[in-house]
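In what follows, a structure is listed as structure tokens, so that the remarks can point back to it.
The values are calculated or read from the model by the stated rules, or taken from the named source; none is laboratory data. If you're wondering where the values come from, they're calculated on a predicted model, not measured in any experiment. Cβ atoms come from the backbone with ideal geometry, glycine included; neighbour counts cover every protein chain shown.
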Amino acid sequence: MNRSGETWGPYPLILAGAVVAVATALLADLRWGGFALGGMIMIAAALRFAGYGGALAVRSRKTDVITLGVFGFVLVLTSMLLGNNALKAFIMSLFAR
């Protein structure tokens with residue numbers, strides 16, 4: 001029941017990448033899995049910015065891009081902080097008085 005103009009575009013590939021990233025986080029290494037998942041979310045933000053929306057376009061493009069971009073960036077940053085005490089100390093020093 002696919003109406004004309006309603007396509008999924010590249011989003012099944014994003015979903016497959018997200019599944020692989022979660023499996024990596026659960027089975028191998030939490031840092032690499034979180035990094036990969038954040039990267040996939042940021043790729044989805046870039047694709048949404050480029051105009052791909054299809055059946056997922058229920059909100060405005062601006063809302064989707066900002067939400068996905070910020071969430072992906074925070075996830076990548078958080079995964080980089082796991083186990084990296086030097087980077088963690090540097091970021092904490094930015095917020096210290």
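Give the residue, chosen from 86, 45, that is loosely packed, with under 12 Cβ neighbours inside 10 Å and assigned to a helix (DSSP H, G or I).
Only one candidate qualifies: 86.
Looking at 40, 92, which one is touching a residue at least 12 places away in the same chain (Cβ under 8 Å), assigned to a helix (DSSP H, G or I) and not small (Gly, Ala, Ser)?
Just a single option satisfies the conditions, and that option is 40.
Looking at the range 23-81, which of the residues that are more than 14 Å from the chain's Cα centre (by Cα) and among the β-branched types (Val, Ile, Thr) is modelled with the highest pLDDT?
Step by step, filter the range 23-81, then rank; the result is 24.
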